[in-house]
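Everything below concerns the one structure shown next.
Read-outs throughout are calculated quantities, based only on the coordinates presented, and are distinct from any laboratory measurement. Owing to the predicted nature of the structure, the values given are computational and were not obtained by experimental measurement. Cβ sites come from the backbone with ideal geometry, for glycine too, and all protein chains shown count toward neighbours.
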Amino acid sequence: MKFDLPRSAKCVAQAWAALGIAFYSISGLAYLYFGSRPVTHQDFWRLYQIGLTHSWLQSALLKYGPHSLFFPSLLWLANLHLFHAEQQPLVIAGILLLSMTVSLLLIPIWRDNIGSLTTKALSMLVLVVINFWMGRASITASGGYNCICSLVMLGVAIAFFVLPRMNDRSHEGLEAAVIVVCAGFLASFSFGSGLAIWPTLLLLAWCLRLRFYSIGVLGVSSMVAAIIFVMLPERDARWQMDLLPSIARSAGIWLCQIIGSPPAYAVAGWRSPQLLFQTVDSSISIWFGAIGLVVAIPTIGYALIRRNIGQSRLKFTGTALTIFSLLVAISIVATLPLKRGDPPQVDAPRYLFWSTLFWCGLLLLLIARSENVSYLRWLAFCICLAIPIFAFPSHQRWAFHARYAQRLCDNAATSLINGVHDVEEVKIIAPVYAELTYTVAPLLRARRLDMFAEGLQDWIGQPVETLFDGRHEHEDLKGILRVEALVDEGNGQLAARVIGTAFKSHKSVPGKLVIIDPSGTICGIARSAGSGKVLNQILYAGKFPINHFLGYIHDYNPKLQYVARSADHKAVSDEMIDIETRTPAPAPTVTTPH
């Protein structure tokens, strides 16, 4: 029986679903692209160090703790050696992989002859909103991390798409088996969470009543994948196990927190920014997780007993996503004691990429179940249509957070281009590996990679009259710049951190400024971390300044007068901005964890 709702309600639901799908797909893609991490960040300092000092094969085969990154490493190694390690190719690749995953999950649902148009519209709404929700931005706004996790999900989606065809006794069944096994290996060796694909496939094969031959193929393939994984060389020889005694008594709470984090973050979006993490850290995530588990476990058990999920691709996709994401959450809990002995951050934003899939699967199962159970129809109808509204505040807030993080990353890159050790600025791109940053940055600088690809670092120490062959241009440059703090240059000398604003005629913003000492020598570079005026207004409600600059002065002498000139379009501006000089206190020393 299909949805027996009034015709007008169906039309409203379909129209609302279409609007929600359009809004979250367009805004999600725009926020991901314009709020992406622009430079090397976090674990990639360590990964790039390996990539620059080892061969491609050695770098790809190395295992990092419980993770094999073989397939995504091929993407960033290619980017490292062929595209100057710029982040934009990885950002685009990650967005494409994420979009492909959503499409592969949608295609079988849309082709299913069982569901009504309203059912399909609601299913598409759930998949689009959850996958493009910016609450997952700690992963999806990073080109490298998005490639890692979306490659896992691409392999998972391909396996789910093809698995039912393995029951075919013709050559198509054999082809399907090969594709499913290859997809399983793609997921397994893209990230540690991908190993959950094998028990998921075995459970789904049982529910689909596949032949024992097909189940045997999946079982043997899973053992081969496990053997290869164990044999791969390790980057970290030993894992700390300080928390192992507590895992038994804490595992249930941790599992509930991981699973309940997405609705907790969505609830927190409705509260003030100051209460965001207080809301997430509260017991609300545990209660949401417990409710989810109470619903999911009997549902999965029922599917394993009845073995009838193959009748509807919607039910199959919902069951598959629920099982896979639950197994991933269990694997995260199991490996928490292996992570540097730190207190477990089970509600960390990075886990939202996986836990959102759990709720996606449950909602798809609710929609599928409502086709045959009358009292669930209005429940599914109301919950699914309310999701875009419920998720919107957190969607926007995390989009703003991603943009703010991007600005901080640009500032950190400016400090590295200037060759200063401004740990306070660099901590955003290396919260754990701050010291490693100053080891790897010279490797990137020597090869002109990432933030060094443009060659701005080569300008420092040159006479300004030699820049662009002495070409000048009238730009009506104006602004206010001042010295904010003193930072270490790394050689015992002190540099000055300069901040301020600058603009040209018609309120346009220069991309970069050169800072010049009284002798006419370039002694530092300042870069804009602002947003374009139109982009800032449309996507970010005008909340970010469009002409903010940060730069540095090498060998700073407060007795000298420094000026800044625009250096855009292969010309130096005729106008100069005087830099307000003073003797500030040194920047605070930031102690970074190891």
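Within segment 481-515, which residues have the backbone N less than 12 Å from the label spot 7 Å out from ASP578 along Cα→beta-carbon, could you tell me? Once the point is set 7 Å along Cα→Cβ of ASP578, 481 turn out to lie under 12 Å by backbone N, inside segment 481-515. Charging the Cβ of each Asp and Glu at -1 and of each Lys and Arg at +1, and nothing else, the dipole of segment 459-580 about its Cα centre rounds to 540 debye. Between the beta carbons of HIS506 and ALA453, assuming R0 = 22 Å, the FRET efficiency works out to 0.15 to the nearest 0.05. Which of rounded, prolate or oblate describes segment 505-579 when judged by the alpha-carbon gyration tensor and an a/c cut-off of 1.5? Because a/c hits 1.5 or more and a/b exceeds b/c, segment 505-579 counts as prolate. Under 5 Å between amide hydrogens, which residues at least 5 positions from LEU550 or on another chain qualify, with H placed 1.01 Å from N in the peptide plane? Excluding prolines and chain starts, which carry no amide H, the hits are ARG527, ALA529. For the peptides 152-164, 36-48, residues were scored by their other Cβ atoms within 10 Å and the scores averaged per peptide; the highest-first order is 152-164, 36-48.
Dipole magnitude for segment 56-388: about 640 debye, using +1 per Lys or Arg Cβ and -1 per Asp or Glu Cβ, origin at the Cα centre. Peptide packing for 410-416, 77-83 was compared via the average number of neighbouring C-beta atoms within 10 Å per residue; ordered from the highest value, the list is 410-416, 77-83. Helix 284-306: angle to the longest alpha-carbon principal axis of the chain, degrees 0 to 90, nearest 10? Long axis of 284-306 versus the principal axis of the chain: about 40 degrees.
Global size of segment 56-388: 19.7, 61 Å for Rg and Dmax (C-alpha atoms, Rg to one decimal, Dmax whole). Axis of helix 247-268 versus longest Cα principal axis of the chain: the two differ by about 70°, to the nearest ten degrees. The long axis of helix 87-111 is offset from the longest Cα principal axis of the chain by roughly 20 degrees. Centroid-to-centroid, using Cα positions, segment 36-103 and segment 161-191 are 26 Å apart.
Legend: P(r) of the chain from all alpha carbon pair distances, 20 Å bins from 0, whole percents, reading 19, 48, 27, 7, 0.
State whether segment 348-426 is rounded, prolate or oblate according to the following rule on the C-alpha gyration tensor (a ≥ b ≥ c being the square roots of its eigenvalues): a/c under 1.5 gives rounded; otherwise a/b larger than b/c gives prolate, and the remaining case gives oblate. The shape class here is prolate.
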